[in-house]
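The values are calculated or read from the model by the stated rules, or taken from the named source; none is laboratory data. None of these values were measured; they are calculated from a predicted model. Glycine also receives a Cβ, built like all others from the backbone with ideal geometry; neighbour counts cover every protein chain displayed.
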Amino acid sequence: MHKLILLFFVFFPFCLCGNTGCDKQSVDGTGSRSEGDFDILTDRVRYEPGQSVRFCCSGTSGDGLYVRYRHLSTLIEEHPLIASEWSWTPPTEDFKGYLVEVFAREGGQERIVASTGVDVSSDWTRFPRYGFLSSYGAMSLREVRKVIGNLARCHINGLQFYDWLSAHHRPLAGTLERPAAEWPDLMNRPTYRLTTDNYLDEARACGMKTLFYDLCYGALEQAEEEGVDETWYLFTDPDHRNRDKHSLPSSFRSSIYLVNPARTEWIDYLSGNIEDLYAVYRFDGFHIDQLGARSAVYDYDGVGVDLPSGFQTFLERMHAKFPDRYHVFNAVGGYGQEQIAASGSVSFLYNEVWQEQSEYAHLKEIIDRNNAFSEGRLNTVLAAYVNYDLSSTPGGMFNTPGVLMTDAVIFALGGAHLELGEHMLCNEYFPNDNLSMEPALQQELVSYYDFAVAYENLLRDGGAFNDPRVTSSDNRVAMQAWPPVKGSVSVLGRKFEKRQVLHLLNFANAYHLSWRDLAGDQTEPQLLTDLALDVEVEGTVCKVWCASPDGCAGMYRELAYTQEGNTIHLTLPWLKYWSMLVVEYD
């Protein structure tokens, strides 16, 4: 039923296997937002402190090119680019992002040719960039490498293996002694052990972590024959006559019946099956799902069950059983997120966002709450399905402005967006691949993910949201503090000890303010150049600079300014969807 769509960028063997060749094979789109076919490739999505980064240029390097490495506004190193492959060892500081630029000098001017980001982090969960897989049919190793290579080019460092399992109550197909070579998933699609193993191996080779997907409280129709006791289930009545269930169409193998996630016997049963799973497959952790808020449910004895508390109990017990594995728990519509965070057992906070939180402004509310729940310890990943209404019809296209505006807001807020897999995600049933991307979107997403990595220490590493006053004398646009207002540029501030970061998000000609962009009618922002700004500051400014993922390869650009008291005057060279302005103090 599900045809494989190989992702939109480009597959480079160098990224996967450490080969020294740079042969480029087109999959679907150019994959480069640099000049021509020139792009910078790396051998991993994340590096340990002290680990060398291997680079490869996918195009002809030519003469007169240079490469430089920056951490935010600090130039670390620069040298001529004399070969298409080279190595660089970043500073040994942990949890740092770097921008790598290849450029030419012509007539006293610099011209950026290509750029990429480099993440030096000993733990991927500090800056999670989460992707997914959803189809595990008969695939060649070459096809598997294409999918992983495309995700690696966007620095995806963790993968959710969605609907890979055999049954929710017993995820391993076959037995520990004789694992199955092939089995049907819940939708009766064929799933292969060889494909799974190849995905796990290739993901590990480039530094990605892998998590299998399952519900915390799901059992299929045959579960009682396989050891699930009737007294473990949840019921919609106190007399245990009606089991609570998630009904699925007849094309699925079974509907899903719900058990009490806090029931000790259930947790022991499921964790025993997961232990067998880990013994056969090299997964790094467990992506745990739920079904969101439900009507009143009861245990077998007629006692009402508090599901969020049950989630916390489930997590704590699962983490105690598998302390060396990663755990991520989906808070559907935010349901149970406070208890999930309180468990102290998840690697980051994950929200599946629905219609009750459909505005751009709601995304900040989610992240603010998550920061409060975790006392700022955990970053957020949002499963947010853009162009959802379009996903019901095959052969459609994503609306590029809708996708990029949503990513701009999520990234500026310090979140990550679960959206990249074998295809772009548009629906809660991850195999749904009804929508495709135009080349412009394919190209820009690479730039957005490079930007998210290069500037992760300003986007996702501390600081506090604030609202400094920003105005403009330019009659083309009005400036507005967050939340967004149609017809204006929204300013989102984040204050650090010696920096003020200002994210400028362009809603000047937005059609609406919904990140869901259900009908795909969000409009493309008009490009604003040379925008005069007055910015409120809190001390003596020593440097002002800007960067943008939109058409600028994420490049760092220092700006001229004048300061009068607590105001600086400057000209922002470029604003389309999103530009980041950084003020540095003495």
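Counting the residues of the stretch 298-336 that are of a type in the set (Phe, Trp, Tyr), more than 25 Å from Phe132 (Cβ to Cβ) and touching a helix residue (DSSP H, G or I) at 6+ places or on another chain (Cβ under 6 Å) gives 1.
Conditions tested, residue by residue: (1) acidic (Asp, Glu); (2) part of a loop (DSSP other than H, G, I, E, B).
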position	(1), (2)
Pro394	no, yes
Pro401	no, no
Thr406	no, no
Ile410	no, no
Gly414	no, yes
Glu422	yes, yes
Glu428	yes, yes
Pro431	no, yes
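Counting the residues of the stretch 139-158 that are of a type outside the set (Gly, Ala, Ser), at negative phi and touching a Lys or Arg at 6+ places or on another chain (Cβ under 7 Å) gives 2. Here Leu186 clears all of (1) surrounded by 24 or more Cβ atoms within 10 Å (Cβ to Cβ); (2) in contact with a Lys or Arg (Cβ under 8 Å, 6 or more places away or on another chain); (3) in a loop (DSSP other than H, G, I, E, B); (4) at negative phi except the condition numbered (1).
Among the residues of the stretch 501-523 satisfying the criterion of being more than 25 Å from the chain's Cα centre (by Cα) and more than 15 Å from Ala408 (Cα to Cα), which is surrounded by the fewest Cβ atoms within 10 Å (Cβ to Cβ)? Taking the candidates together, the pick is Asn509. Consider the stretch 53-93 and keep the residues that are at pLDDT 95 or above and aliphatic (A, V, I, L, M). The one that is nearest to Val544 (Cα to Cα) is Leu72. Tell me, which residue of the stretch 424-453 that is surrounded by fewer than 24 Cβ atoms within 10 Å (Cβ to Cβ) and among the charged types (D, E, K, R) is nearest to His155 (Cα to Cα)? Among them, the one singled out is Glu444. Kindly establish whether Glu419 is surrounded by fewer than 23 Cβ atoms within 10 Å (Cβ to Cβ) and outside the structural domain of Arg189 (by TED's automatic domain parsing). Considered against the rule, which asks whether it is surrounded by fewer than 23 Cβ atoms within 10 Å (Cβ to Cβ) and outside the structural domain of Arg189 (by TED's automatic domain parsing), Glu419 comes out as no.
For the residues Phe252, Phe283, Phe314, the requirement of being in contact (Cβ under 8 Å) with a residue 24 or more places away in the chain, hydrophobic (A, V, I, L, M, F, W, C), within 30 Å of Thr196 (Cβ to Cβ) and surrounded by fewer than 17 Cβ atoms within 10 Å (Cβ to Cβ) singles out Phe252. Any residue that is surrounded by fewer than 17 Cβ atoms within 10 Å (Cβ to Cβ) and of a type in the set (Asp, Glu) - is there at least one of those in the stretch 320-337? So far as the stretch 320-337 goes, yes, one or more of its residues are surrounded by fewer than 17 Cβ atoms within 10 Å (Cβ to Cβ) and of a type in the set (Asp, Glu). Here the stretch 524-566 is the region considered, the condition is being of a type in the set (Asp, Glu) and more than 31 Å from the chain's Cα centre (by Cα), and the residue that is surrounded by the fewest Cβ atoms within 10 Å (Cβ to Cβ) is Glu564.
The single condition among (1) under 13 Å from the mean Cα position of the chain (by Cα); (2) farther than 21 Å from Tyr577 by Cα that Gly414 does not meet is (2).
Note on the stretch 76-117: residues that are small (Gly, Ala, Ser), surrounded by 13 or more Cβ atoms within 10 Å (Cβ to Cβ) and in a loop (DSSP other than H, G, I, E, B) amount to 1. Note on the stretch 286-392: enclosed helices (runs of 4 or more DSSP H) holding 1 or more residues that are more than 27 Å from Glu456 (Cβ to Cβ) are 307-321, 337-342. Within the span defined as the stretch 358-377, one or more residues are within 22 Å of Ser548 (Cα to Cα), charged (D, E, K, R), outside the structural domain of Asn509 (by TED's automatic domain parsing) and in contact with a Phe, Trp or Tyr (Cβ under 9 Å, 6 or more places away or on another chain). Taking the criterion of being surrounded by fewer than 17 Cβ atoms within 10 Å (Cβ to Cβ) and either in the same structural domain as Arg377 (by TED's automatic domain parsing) or free of Cβ contacts under 8 Å to residues at least 40 places away in the same chain (or both), the residues of the stretch 466-484 that qualify are Asn466, Asp467, Asn475, Ala478, Ala481. Annotation note: of Arg170, Arg241, the sole residue that is more than 32 Å from the chain's Cα centre (by Cα) and in a loop (DSSP other than H, G, I, E, B) is Arg241.
Yes or no, residue by residue, for (1) within 23 Å of Ile156 (Cβ to Cβ); (2) of a type outside the set (Lys, Arg); (3) in a helix (DSSP H, G or I); (4) in the same structural domain as Ala167 (by TED's automatic domain parsing):
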residue	(1), (2), (3), (4)
Ala223	no, yes, yes, yes
Ala262	no, yes, no, yes
Ser271	no, yes, yes, yes
Phe283	yes, yes, no, yes
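Quick check on my filter: what residues within the stretch 215-264 are of a type in the set (Val, Ile, Thr) and in contact with a His (Cβ under 9 Å, 6 or more places away or on another chain)? Those that are of a type in the set (Val, Ile, Thr) and in contact with a His (Cβ under 9 Å, 6 or more places away or on another chain): Val228, Thr231, Ile256, Val259. Suppose the filter is assigned by TED's automatic domain parsing to the domain that holds Pro468, under 30 Å from Leu425 (Cβ atoms) and either in contact with a Pro (Cβ under 7 Å, 6 or more places away or on another chain) or crowded, with 18+ Cβ neighbours inside 10 Å (or both); does Val489 pass it? Taking the combined requirement at face value, the residue satisfies it. Checking the stretch 238-247 against the condition returns a match, with at least one residue being out of contact with any helix residue (DSSP H, G or I) (no Cβ under 7 Å at 6 or more places or on another chain), more than 20 Å from Gly344 (Cα to Cα), of a type outside the set (Ser, Thr, Tyr) and crowded, with 20+ Cβ neighbours inside 10 Å.
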